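The values are calculated or read from the model by the stated rules, or taken from the named source; none is laboratory data. Note that the structure is a prediction, hence the values are computed from the model and not measured. Here Cβ is always computed from backbone atoms with ideal geometry, including for glycine, and neighbour counts include all displayed protein chains.
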Amino acid sequence: MRLFTGFLAALFLTGSAFAADEHASAPVTIVIHGGAGALAPGRYTPAEEDAYEAKLNEALDAGYAVLESGGTALDAIEAAIVLMEDSPLFNAGKGAVFTREGKNELDVSIMDGATLNAGAAAGVTNVKNPIRLARAVMENSEHVMFARDGAEKFAKEQGIETVKPKYFRTERRWKAYKEALKAEKEAAKQDKDAALPHDFKYGTVGAVALDANGNLAAGTSTGGMMMKRYGRVGDSPIIGAGTFADNKSCAVSSTGWGEFFIRLTIARDICAQVEYAGKTVEEAADDVIHHRLPDAGGDGGVIVLGPDGSYAMTFNTKGMFRGVKNADMQSVSIYGEAAAE
Ligand code: GLY
């Protein structure tokens with residue numbers, strides 16, 4: 001009997017080992033973005049370019065280290081996004097843009113491609129790392145999204161680190177906000193609409209990852225659009241617009257003019273084209289970013305990752321802060337052809 005039990009245990013363990021190893025060959029990969037916009041060569045000094053590239057590499061390294069040690073895609077994207085939220089360089093967490101009323105209001109979401117579970121928060125003003133809040137919403141609540149004071153109450157209940165709203169303020173963003181207010185006043189005097197330069201409007205951070213078990217995850221975090229009106233919510237916390245992940249098709253994080261990304265359900269559309277039309281992630285991203293989005297009048301970009309490790313970093317703006325790391329390579333870029341890579 002003992003022998004039989006031992007035999008069964010061995011069989012069970014072998015079976016488990018097979019189950020765990022089923023996707024052990026998945027090519028672990030992380031792709032990140034730090035926002036798309038009017039990023040033409042000459043926009044930044046060499047020192048500024050170095051600072052952006054160093055932070056993108058740091059975020060890639062942090063996320064990839066999780067994957068390399070057998071960690072989950074969710075942990076990898078959280079590690080990468082936290083670093084970008086903490087950096088004043090990007091419009092997410094510290095360094096977020098200002099609303100019309102001079103506040104920082106943060107939007108965020110996360111999705112697990114293995115379970116299709118998701119979490120999001122909109123309009124939070126005191127959560128240091130919104131991506132951690134999105135993850136807590138996904139894992140510790142029966143809901144998908146919390147907004148404003150409700151989201152902050154949930155963050156407190158969950159013991160998530162909060163800060164005074166002034167923590168998010170940087171002089172660079174404050175100056176841009178003041179200039180935009182002035183431009184708007186001038187335009188109003190002439191009975192015209194103030195045209196905000198693109199790089200005043202955009203910026204978001206995001207990550208998609210594939211772990212050794214073949215699971216995909218996606219996350220997106222942002223301060224939204226500068227001068228957004230009270231209570232405006234962009235695409236970043238909207239599952240299917242700013243973020244989507246499904247092991248069957250792909251993981252996507254978006255950056256750009258949120259209203260268009262919401263109307264066109266950009267992230268879901270890309271994965272639907274992969275799932276139902278059999279397109280590669282690059283073909284699906286090309287169709288959506290170079291055709292559907294500009295045809296509707298919007299602009300921006302996406303990062304996309306498939307369950308086989310294929311990826312796209314596609315944008316129709318002048319540039320997009322972006323980077324990718326897998327077992328064979330690591331690269332980061334700011335400017336570039338407005339095309340898939
Ligand atoms: N894509 C960021 C926003 O529109 O809020």
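Miscellaneous remarks
- Considering region 50-166, the qualifying helices (runs of 4 or more DSSP H), each wholly inside and each with 3 or more residues that are in contact with a Gly (Cβ under 7 Å, 6 or more places away or on another chain) and crowded, with 21+ Cβ neighbours inside 10 Å, run over 73-86, 130-140.
- Counting only residues that are farther than 21 Å from residue 112 by Cβ and without any contact (Cβ under 8 Å) to a residue 24 or more places away in the chain, region 49-86 holds 2 of them.
- In region 225-250, the residues that are without any contact (Cβ under 8 Å) to a residue 40 or more places away in the chain form Cβ pairs under 8 Å with partners that are of a type in the set (A, V, I, L, M, F, W, C) and near the ligand (Cβ under 8 Å from one of its atoms), at six or more places apart or across chains, as follows: 235/261; 241/261.
- Yes/no for residue 9 being modelled with pLDDT of 50 or more, surrounded by fewer than 19 Cβ atoms within 10 Å (Cβ to Cβ) and among the aliphatic types (A, V, I, L, M): no
- Under the condition of being within 15 Å of the ligand (Cβ to nearest atom) and at negative phi, the residues counted in region 225-269 number 31.
- Within region 17-36, the set of residues being of a type outside the set (Gly, Ala, Ser) and at pLDDT 65 or above comprises 27, 28, 29, 30, 31, 32, 33.
- Search result, residues across region 27-47 that are over 22 Å from the mean Cα position of the chain (by Cα) and either without any contact (Cβ under 8 Å) to a residue 40 or more places away in the chain or closer than 20 Å to residue 219 by Cβ (or both): 42, 45, 46, 47
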